[in-house]
1. Please determine, by comparing only the residues of the stretch A:189-235 that are under 18 Å from A:E5 (Cα atoms) and free of Cβ contacts under 8 Å to residues at least 40 places away in the same chain, which one is surrounded by the most Cβ atoms within 10 Å (Cβ to Cβ).
2. Whether any residue in the stretch A:158-168 is surrounded by 21 or more Cβ atoms within 10 Å (Cβ to Cβ), closer than 18 Å to A:G121 by Cα and not hydrophobic (A, V, I, L, M, F, W, C) is what I want to check.
3. Considering only residues that are without any contact (Cβ under 8 Å) to a residue 40 or more places away in the chain and β-branched (V, I, T), which ones fall in the stretch B:152-170?
4. Just give me the residues in the stretch B:93-111 being in contact (Cβ under 8 Å) with a residue 40 or more places away in the chain, assigned to a strand (DSSP E or B) and touching a Ser or Thr at 6+ places or on another chain (Cβ under 7 Å), in sequence order.
5. Need a quick list: strands (runs of 3 or more DSSP E) entirely within the stretch B:167-232 having at least 2 residues that are within 14 Å of chain A (Cβ to nearest Cβ) and within 30 Å of B:V110 (Cβ to Cβ).
6. Does A:I97 satisfy the criteria of being modelled with pLDDT of 95 or more, crowded, with 19+ Cβ neighbours inside 10 Å and under 16 Å from B:A300 (Cα atoms)?
7. Could you list, in sequence order, the residues of the stretch B:254-290 that are at pLDDT below 95 and in contact with a helix residue (DSSP H, G or I) (Cβ under 9 Å, 6 or more places away or on another chain)?
8. Please specify each residue of the stretch B:260-308 satisfying the condition of being part of a loop (DSSP other than H, G, I, E, B) and either closer than 24 Å to A:I157 by Cα or at the interface with chain A (Cβ under 7 Å from one of its Cβ atoms) (or both).
Amino acid sequence: MGILEIKNVSLQMDGKKILDEVSVDVWEGHIHALVGTNGAGKSTLASVIMGLEGYRDITGDLFFNGERINDLSIDARARKGISFGWQEPARFEGISIESFVSAGMKEKNKKSINAALQQVGLNPDEYLHRSVDTTLSGGERKKVELASIIAMDPPFIMLDEPDSGIDVGTLKKMAEVIKALKKKGTTILLITHSLEVLKLADHAFLMCNGTIIEKATADKIIPYFENNCIPCDHKNEPTTKGVLES
Amino acid sequence: MNADDAVLLSKSAGIEAELLKKNNIAHLFINHDKVVGIHAVPGLEIETTPIKDGLDIQVLLRKQTQVKHPVQMCFGMLPKRGIQRINMDVVIEEHASIDVIAHCTFPNAVDVQHIMNATISIKDHASYSYFERHVHGQKSGITVVPKAKIHLGSHARYQTDFELIKGRVGVIDIDYETTCADYSTLEMNARINATHDDVVKIKEVGHLNGEHAHGVLLSRVAVRDTADASVFSELTASGAYARGHVDCKEIVQDQGTVSAIPVVKVNHPKAHITHEASLGSVDSKQLQTLMARGLSEDQAIDMIIQGLLQ
């Protein structure tokens with residue numbers, strides 16, 4: 001049994017099936033990757049898991065730590081331990097990094113806020129009082145997003161395209177943080193189409209056209225994804241499942 | 001001078017009493033139509049003349065004077081009812097510089113009008129910043145009508161920040177108009193939190209007449225319950241290389257209503273003005289980001305609004 005179980009989840013939007021009978025188990029303490037090309041449904045599935053607006057009218061079941069969470073609000077899911085880092089995080093006028101990072105902490109204390117910032121490579125003296133607004137670069141904003149999640153100390157973290165819009169150095173720091181989180185037992189789901197990110201994962205779910213077409217260890221998925229999905233030679237329309245065996 | 005009233009006003013406005021004992025910090029405290037505390041520093045002259053329900057006030061900052069510490073002003077009314085009229089004539093002479101923090105407090109207002117008419121002349125290379133913080137009570141019986149005509153000389157700088165985020169707004173009707181000469185810089189900011197049946201009217205007009213004049217008009221208003229806010233922002237660039245920006249954000253909750261009328265005019269081919277406006281509900285992505293940190297919807301909205309009004 002996984003910490004997160006997704007059973008036969010489907011989602012239609014504007015009459016179009018975006019997710020089609022998706023079923024996966026996410027195992028506690030492991031790094032998973034949800035991998036696929038643009039439009040495969042990866043971010044949609046993450047949004048469904050988090051319960052975001054517009055992604056709640058699903059069929060199928062979501063279980064977190066054995067509890068059905070379909071009917072829980074975003075904040076209720078967060079309080080259960082599900083967290084989500086956006087591909088392009090929101091900017092907040094007038095909200096300091098200190099306030100933002102501490103927003104989800106059960107017990108707010110400066111030491112933990114500083115530690116979370118330091119873990120993502122941000123100097124608290126320099127960043128605590130800056131605003132989470134457009135004065136931050138894309139990379140800085142991504143780091144602040146990750147710091148805010150670290151500060152929550154959740155058991156399960158989803159990161160949507162953690163490498164998008166960041167430089168090589170920042171990606172390395174992100175990778176270090178992700179490995180450190182795994183080491184302390186955090187379960188991680190990376191949503192990605194990047195081989196670099198995929199290589200961080202223990203397990204991978206290959207997604208195409210709204211469905212999971214393969215589940216395997218990441219080292220098995222990587223060569224298939226590299227050879228068949230970059231570029232995608234079947235226009236995101238898989239004709240068969242079990243591609244690794246084909 | 002009525003020391004007791006000065007203490008009551010400073011307490012109501014949240015001013016540290018110690019500040020008023022310092023010789024190097026100028027202050028002017030007014031309760032209703034009476035001066036209850038006044039102190040100037042070298043180069044700064046403050047004169048007051050009683051009028052019906054208020055005071056005429058002349059403020060003169062002599063050439064080259066740099067006032068080191070912000071001047072503390074307090075315009076308040078401790079009585080529950082009445083009218084307070086303040087006519088201010090401010091002249092900041094050449095190469096002089098001053099910051100003013102004005103505390104406007106009406107803690108007991110049941111039926112109070114605060115009417116401010118100001119003319120402000122900031123001469124060449126002079127700088128004047130005016131931070132006006134209103135602290136109102138929880139009753140709505142206050143009407144605030146601040147009007148100002150401001151002229152900036154060459155290379156002059158003017159910044160005004162109007163803040164009303166504590167207590168009920170009641171009715172507020174701001175009307176500021178500024179003309180800017182060559183290389184001058186104008187910044188007008190307003191941040192207001194309206195609830196219940198509060199009414200907010202903001203009219204800010206800037207004329208960037210001189211070459212290289214710069215101006216920003218910024219307003220941030222949060223509206224809840226059945227409150228109403230309307231913002232009229234007009235910025236005109238007539239000088240070569242004049243640059244301006246109008247930025248209005250209004251968040252609406254409950255049955256509140258908002259409107260914004262931005263007017264941007266450019267009368268010179270080498271001038272440039274930009275405009276940005278956002279009216280309506282709290283941004284969905286911001287809201288969901290904070291909810292994904294475990295905050296309830298109400299907590300998340302509060303945090304976003306507090307940030308906007310910071």
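1. Within the stretch A:189-235, the match that is surrounded by the most Cβ atoms within 10 Å (Cβ to Cβ) is A:E214.
2. Start the filter on the stretch A:158-168 by keeping residues that are surrounded by 21 or more Cβ atoms within 10 Å (Cβ to Cβ), which leaves A:158-163.
Of the ones still in play, those that are also closer than 18 Å to A:G121 by Cα are A:159, A:162-163.
If we keep only those that are not hydrophobic (A, V, I, L, M, F, W, C) as well, we get A:162-163.
Yes: one or more hits.
3. If the condition is that a residue be without any contact (Cβ under 8 Å) to a residue 40 or more places away in the chain and β-branched (V, I, T), then B:T160 is the only one that fits.
4. B:T105
5. Working: elements: B:171-180, B:185-194, B:199-208, B:214-223.
Once the strands (runs of 3 or more DSSP E) in the stretch B:167-232 are filtered for at least 2 residues that are within 14 Å of chain A (Cβ to nearest Cβ) and within 30 Å of B:V110 (Cβ to Cβ), what remains is B:185-194, B:214-223.
6. Values: modelled with pLDDT of 95 or more: yes; crowded, with 19+ Cβ neighbours inside 10 Å: yes; under 16 Å from B:A300 (Cα atoms): yes.
So A:I97 passes the test.
7. Scanning the stretch B:254-290 gives B:S281, B:V282, B:D283.
8. At the first step, the residues of the stretch B:260-308 found to be part of a loop (DSSP other than H, G, I, E, B) are B:267-271, B:281-283, B:292-296.
Across the stretch B:260-308, the qualifying residues are B:D283, B:A292, B:R293, B:G294, B:L295, B:S296.
The values are calculated or read from the model by the stated rules, or taken from the named source; none is laboratory data. Computed from a prediction, not measured in an experiment: that's the story for all the values here. Don't worry about glycine lacking a Cβ; one is built from the backbone with ideal geometry, like all the others, and counts go over all protein chains shown.
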